[in-house]
Structures are given as structure tokens and as C-alpha cells.
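One structure is given below, encoded as C-alpha cells.
Just so it is clear, none of the values below were taken in a lab; they were calculated from the coordinates. These numbers come from a predicted model, not from an experiment. Here the Cβ is made from the backbone with ideal geometry for all residues, glycine too, and neighbour counts use every protein chain on show.
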Amino acid sequence: MNQAKSLTMLLRKPVATSLAMLTAAALTASGLPAVAQEHGGGPPIIRDAEIEQLLREYSQPILKAAGLAQQNIRVVIINDPSFNAFVADGHRIFINSGALMQAKTPNEVIGVLAHESGHIAGGHIARMHEELAKASTESAVAMLLGIGAMVAGARSGGQGADAGMAALTMPQGVIQNTMLAYIRTQEEQADRAGVKFLTATGQSPKGMYDTFKRLGDEMLYQAQHIDPYLQTHPMPAERVAALEELVKNSPYWDKKDPPELQFRHDMMRAKLYGYMDREGISLNRYPPSDQSLPARYARAIAASRFSDTRTAVAQIDALIASNPQYPYFYELKGQTLLEAGKPAEAIAPLRRAAQLSPNPALIQVMLGQALVESNDPSHLNEAVTVLESSLAREPESPAGYNQLAMAYGRKGDYAHADLASAQAALARGDMKAARMLASRAKDRFPLGSPGWVRADDISNKNPEGTAHSTVVVHPKDPPQ
Ligand SMILES: [Zn+2]
């Protein structure tokens, strides 16, 4: 099981009860193949209100142009410094934090998202399953093993790619070559669709082209000793040439991202570097002579990780004074105080962050935690309200349900506390605990009451509830 973690949780000392902005999302349920999961337990997911909101704004116009606006597709961030993005099902686009950190402009990320949307719009995942169904079980397994190893290889920075290629040489070469040709076609289709979506939304294809060209150049260098037949996606040089043909007539080639979006992009990168860099590195990347908001943001985040709380809070307060409407400065302040064991002081900034944020679900979990941990009974009703509000938007958040269970428990409402604990277990994928807690909740609720009905629903759940699907292969292009 992979825990989705907040940026802080990933990189800083674990905080007592705090599952702050995190939601545990099991990648098993989300469709990565077992092979990929074996690799170090699978990639951890980053949850962050600021970054997710920005990626929502990057992806929505594209998804709309792709005819996918109704499908509720989410962009999920994987904590991995390498460059990658891929689709694993029709509901999620995965993108590595490394891709976000390397992209200097919104347009580069949007280009990658456009390509991935092209895979979804083209039904490539479903068709991949059909192709696999036609292959014998053995060759399908070999195929997926190869793909899994390459996905893992791409994630770990490249060496594993060879292992993946080797696995592909195993049996049933003919079927595999058919498969590989098929994958090459898909990549070209996704490129074409991506450029179409960019044009339809009045955006430049330059970021997409530059990114793929850069990765293609890297791939060429690495591909020298690999049999070209066994490439799982088009020879990058050909693909880049085809893409060049496609993009050079775009009326939007020279169009730049709006400055406001570029600013938020810079803030996102500053945040990621602030959380990911080792001690002192942020100061090299964002030296004190750089007084821009992104540089000060990165330094304040680094201070919240490596300095004492007072120093960090002073830097964050200065950011708030510079831009009192930016929700995530308050979030950072609240999180810093909460993790410093000062939940009562964290409440006011987190309330403000939740008010200002367009989608506060993750911030509300943290606010709920601060309210519960403040040990003030007068805060418990507010805690229940904000947590219920968060869970209405993020119904699969174990962290949200855990905080809710604690809030109800402190109120002495053990029926609702058990129900919330059952929902937390359900969201974690722990069916056994979920059923046990739900039947205990049922005994506490009046027969037939709304709480009883919800508990009854959980206690009757089928243990084998989740559908599995397969990763689509993108070894190395950002489309991988
Ligand atoms: Zn692709």
C-alpha cells in the first residue's frame, strides 16, 4: 500500500498524529501493475492543495478540448525526481514531481498533459487491453513484465530500462513486435491529438516540442546499444521530426503563458525545491540576494524544515505581508506551527488558508487536526464541520476520516466515531477492519438511522471490490 503523503510528510520528521494533508491512496486500487509496485513498494503520491489546483487549471481546458471534461480526470503527482508522465486508466494522469521541477514554464507541463490526454481520448488504454487479450497469457505476462521493468527503470533514472528491454526479448517475439509497433502508433497519435488540443485552446505547442526534443536527445544517447526493434515507443528522432512538422505552423507558436500563470508555476517549483532539496541546497538555488516571492517562498519552506519555528514563522509572516491574499502562505504557517506542536496557534492561519483557497479540502484536514489537537472542547463542532466538508470533496481520504473519528470520539459520540474509523479503514483498503468497525457502529446507532444505514452498507461490502487495470507504457518519454 502506498501512502499518499504531503510534501512535508515525505521529507521531514514524521509528525505525531499528523497525517496532515494526506490521503492514503492505494496504488493497487489505482491500477499500477504488480511489477511496478514491487519496485520499492511503488511510488509515493504527493498531495498538495496549491500544486493540485494549478494542475487542475493546466489540465481543464485541454481535457475540455479533448471531449473529456465530464470524466472527472485528475492529475496525480508522483514523488520522483525523474521526468515522467503516464496514464494508467481513464481517470488519472500521473506526473512526476521531477517533470514539474524541470519544466520552466506552464506551457511545458501543459504540453505533456496534452499528450497524455491524447492517450485517454484515443482510448489507448482500453485498446492495449484488447491487444493483450489477443496475446497468449504467457506472452502477455512477459509483455507486462517488460513494461513494468521499463517503467521502473525510467523511474529510477534509466539503468532499469535495459532490464526491461531484456525481458521483452524473452518469448513470443512476433507478438511483441506487433505490440511495439502498436505502441509507436499510439505515441504518434497522442502527439497529434495533443497539438490539436493545444491549438484548440489557443496555446503554443512549443513547450511540448521542446520537452520531447530534449528527452529524445537523451534517449538517443542512451539507445545506442539497444536493438531498435525493441523500442517500446517510436525512435525519438523520427517522432520528434514528425512532431516538428506538426507544430511549425501553429498560429500560437510564439504565444507566452500569462504572467500570472508563470508566477504560480514559479511558486510551485519553489515549493517543490523547498521541500525536496537537502539542507542548504535551497539557499544555493534561491540565494538570499533573490528577493522574488518564489525565492523567498523556497527559503521559508526550507526554514520550516531545517530552522527553528520562530525563524521560519518570521519568514512566512513577511511573505504574508507581501501578499496577504495568497492562501498557501497561511497554509505553510499553519502547517509549520502544527508540526511544531502548537495546534492552537495553527488554527487561525489554517482557517484563513481554507477561506482563501479555491479548493480547500486538503487544508481542511489540517485545520480539523489543529482544532482537535488544540484540546479545546469548544473547537470540536467546527472540527466536525470542516472535516465533513473536506470529505464531501475527498471521499477517499483516510486522514480526513481519522481526524473525524477523533473529533467525534472527543465529543463522546462513539457511534459516529466508529463509523468514521470504518470509513478510514475502507479508504485504506483494509476491508476486514472496515467491516468490524462498521458492525460495531451499527450496534451503537438507532436501527435504521442514517448512520446505521451507512454502517450497514460498509459491513456488507464485498472484500474483492476493486477493479484492476494496467499501466500504459511509457518507458521513457514524458510521455515518457
Ligand atoms: Zn505517450
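Key figures
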quantity: Sequence of ILE110, ILE95 once ranked by neighbouring C-beta atoms within 10 Å, starting from the fewest; calculated: ILE95, ILE110
quantity: Label-point separation in nm, ASP254 to ARG278, each point 7 Å along Cα→Cβ; calculated: 4.5 nm
quantity: FRET efficiency for PHE263 and ALA392, using Cβ-Cβ distance with R0 set to 35 Å, rounded to 0.05; calculated: 0.70
